[in-house]
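One structure below.
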Amino acid sequence: MIRVYLDTSVYNRLYDDKNQVSIFLEMQATISILNLIETKKIQSVNSFVLEYENQKHPILEHRNAINEYLKKSNFKQLVNESIKNRAFQLEIEGIKPIDALHVACFEASNCDYFITCDKRLLNRCKSLSIQAINPIDFIKELENEN
């Protein structure tokens with residue numbers, strides 16, 4: 001079964017401005033991904049980083065809704081020295097600290113896909129040969145496999 005790691009930008013895409021076409025499409029793809037997780041057609045991974053970032057969300061209603069999605073994850077990646085060391089290496093490669101922790105958690109949890117709406121992070125991951133994808137392309141890839 002496919003296992004995915006959604007970074008915080010994906011969960012937050014549900015609450016972004018729907019007037020931009022690309023954001024609207026990513027939002028629809030995110031809803032599809034969350035539905036696949038809920039119906040157990042794919043697995044998702046939660047992490048201490050996702051929970052940490054979500055706790056800082058300024059809107060309580062959004063924070064609570066995202067927390068409910070995180071609870072539906074099949075696995076939770078905890079912090080360890082290996083993840084800290086890998087995140088530090090990724091920072092040296094040009095990835096922001098919190099994003100580096102997300103990527104390190106993704107790698108440690110043996111996920112098939114790291115899904116993000118952050119274009120800068122997506123481009124950086126691709127340049128480092130990290131299996132990163134945006135929600136729209138992930139849905140397209142799933143459809144092509146079926």
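What the table shows:
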quantity: Search result, residues across segment 40-73 that are closer than 16 Å to Phe138 by Cβ, out of contact with any Leu (no Cβ under 7 Å at 6 or more places or on another chain) and either in a loop (DSSP other than H, G, I, E, B) or aromatic (Phe, Trp, Tyr) (or both); calculated: Lys41
quantity: Yes/no for Asn67 being under 21 Å from Cys111 (Cβ atoms), touching a helix residue (DSSP H, G or I) at 6+ places or on another chain (Cβ under 7 Å), surrounded by 18 or more Cβ atoms within 10 Å (Cβ to Cβ) and modelled with pLDDT of 95 or more; calculated: no
quantity: Qualifying residue in segment 26-38 (condition: loosely packed, with under 13 Cβ neighbours inside 10 Å, charged (D, E, K, R) and touching a residue at least 24 places away in the same chain (Cβ under 8 Å)); calculated: yes
quantity: Glu91 being among the acidic types (Asp, Glu), loosely packed, with under 12 Cβ neighbours inside 10 Å, out of contact with any Asp or Glu (no Cβ under 6 Å at 6 or more places or on another chain) and without any contact (Cβ under 8 Å) to a residue 12 or more places away in the chain; calculated: no
quantity: Selection within segment 1-24 - part of a helix (DSSP H, G or I) and surrounded by 15 or more Cβ atoms within 10 Å (Cβ to Cβ); calculated: Thr8, Ser9, Val10, Tyr11, Asn12, Arg13
quantity: Conditions (1) in a helix (DSSP H, G or I); (2) more than 21 Å from Ile42 (Cβ to Cβ): number failed by Val79; calculated: (1)
quantity: Qualifying residue in segment 126-133 (condition: among the basic types (Lys, Arg) and either part of a loop (DSSP other than H, G, I, E, B) or surrounded by 14 or more Cβ atoms within 10 Å (Cβ to Cβ) (or both)); calculated: no
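So that you can scan it fast, the table gives a plain yes or no per residue for (1) over 16 Å from Leu6 (Cβ atoms); (2) out of contact with any strand residue (DSSP E or B) (no Cβ under 6 Å at 6 or more places or on another chain); (3) without any contact (Cβ under 8 Å) to a residue 24 or more places away in the chain:
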{"position": "Tyr52", "(1), (2), (3)": "no, yes, yes"}
{"position": "Leu60", "(1), (2), (3)": "yes, yes, yes"}
{"position": "Lys76", "(1), (2), (3)": "no, no, no"}
{"position": "Asn80", "(1), (2), (3)": "yes, yes, no"}
{"position": "Lys84", "(1), (2), (3)": "yes, yes, yes"}
{"position": "Leu101", "(1), (2), (3)": "no, yes, no"}
{"position": "Glu107", "(1), (2), (3)": "no, yes, yes"}
{"position": "Asn134", "(1), (2), (3)": "no, yes, no"}
{"position": "Phe138", "(1), (2), (3)": "no, no, no"}
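The values are calculated or read from the model by the stated rules, or taken from the named source; none is laboratory data. Since the model is a prediction, treat every value here as computed from it, not as a measurement. All Cβ positions, even for glycine, are placed from backbone atoms using ideal geometry, and neighbour counts span all protein chains on display.
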